[in-house]
1. Tell me which residues, restricted to region 155-173, are of a type outside the set (A, V, I, L, M, F, W, C) and either farther than 17 Å from residue 122 by Cβ or open to solvent by 40 Å² or more (accessible area, probe 1.4 Å) (or both).
2. If residue 135 satisfies every condition in (1) closer than 17 Å to residue 48 by Cβ; (2) at pLDDT 95 or above; (3) over 14 Å from the mean Cα position of the chain (by Cα) but one, which is the exception?
3. Conditions: (1) within 27 Å of residue 179 (Cα to Cα); (2) out of contact with any helix residue (DSSP H, G or I) (no Cβ under 7 Å at 6 or more places or on another chain). Residue 7 meets all but one. Number of the miss?
4. Applying the selection to region 1-29, what residues are touching a His at 6+ places or on another chain (Cβ under 8 Å) and open to solvent by 50 Å² or more (accessible area, probe 1.4 Å)?
5. For residue 37, are the conditions met, namely being under 29 Å from residue 131 (Cα atoms) and at pLDDT below 95?
6. Contact list please: Cβ distance under 6 Å, first residue in region 99-120 and under 18 Å from residue 142 (Cβ atoms), second residue assigned to a loop (DSSP other than H, G, I, E, B), pairs at least six apart or on different chains.
7. Scan region 163-174 residue by residue and report those that are modelled with pLDDT of 85 or more, of a type outside the set (S, T, N, Q) and in a loop (DSSP other than H, G, I, E, B).
8. Looking only at helices (runs of 4 or more DSSP H) that lie completely in region 30-147, which have at least 1 residues being surrounded by fewer than 18 Cβ atoms within 10 Å (Cβ to Cβ) and touching a helix residue (DSSP H, G or I) at 6+ places or on another chain (Cβ under 6 Å)?
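The values are calculated or read from the model by the stated rules, or taken from the named source; none is laboratory data. Note that this is a predicted model, so its numbers are computed, not measured. FYI the Cβ positions are ideal-geometry reconstructions off the backbone, even for glycines, and counts take in every protein chain you see. These accessible areas exclude ligands, DNA and RNA; they are computed on the full protein's heavy atoms, side chains included. Shrake-Rupley method; radii C 1.70, N 1.55, O 1.52, S 1.80 Å.
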Amino acid sequence: MTEVVRLTLVSHAMTGAMAAGRFPTDEALNSVGHRQAGASIELGVVDAAYCAPEKRTRQTADLLGLAVTIDPRLADLDCGRWRGDVLGRLPPDDLAIWLTDPTSAPHGGETVVALVDRVRDWMDGLPERRGRLIAVTHPAVVRAAILVALDAPPKSFWRIDVAPVSRTVIHYRGHAWTLRSAP
């Protein structure tokens, strides 16, 4: 094994909710998503693979040919009562608060700060697993992992774009995470 943890975060493929601008439920990939994930991205050697519990991440992992361990800490940001709603139908004041204050959750779900803490907790255990690791997860979780790696403030969360089936590579060497490449 190597002295470095090489973590590749893969964002799940396209879903109907993403295409329609809706907050996700536990939906499957749409036909575009199946094509995206089926087009296969080069993942190289994998020592361990992880996946969020939602259907869209499990399907993406399957289409990528990965045998994964499901980890609930990789679950999507819980958007509470906004699940399934169209972004444009939300009360503008609630949406503005949510997008500017990472400690707020006007939807009654999880705050951005809580998500970042959850992802940090997961990442803190990874250095024990030296080698090449892959996690198929959600854009929100990838954003949180980037914030952890850069020790960036949670208010930067919404300034990171993560495309479907994109890869973000983070290394752990010594005592810190380093962002190697991002979408």
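1. Our first condition is that a residue be of a type outside the set (A, V, I, L, M, F, W, C); within region 155-173, this holds for 155-156, 159, 161, 164, 166-168, 171-173.
Selection gives 155, 156, 159, 161, 164, 166, 167, 173.
2. If we test residue 135 against (1) closer than 17 Å to residue 48 by Cβ; (2) at pLDDT 95 or above; (3) over 14 Å from the mean Cα position of the chain (by Cα), just (3) comes out false.
3. For residue 7, the exception is condition (2).
4. Correct list: 6 only.
5. Yes, satisfied.
6. Every condition considered, the pairs that remain are 110/77; 110/78; 111/103; 111/105; 112/102; 113/102; 113/103; 115/77.
7. Quick first cut of region 163-174, residues modelled with pLDDT of 85 or more only: 163-173.
Within this subset, residues satisfying the condition of being of a type outside the set (S, T, N, Q) are 163-165, 167, 169-173.
Once the filter is applied, which keeps residues that are modelled with pLDDT of 85 or more, of a type outside the set (S, T, N, Q) and in a loop (DSSP other than H, G, I, E, B), region 163-174 yields 163, 164, 165.
8. By residue number, 31-38, 92-100, 112-124.
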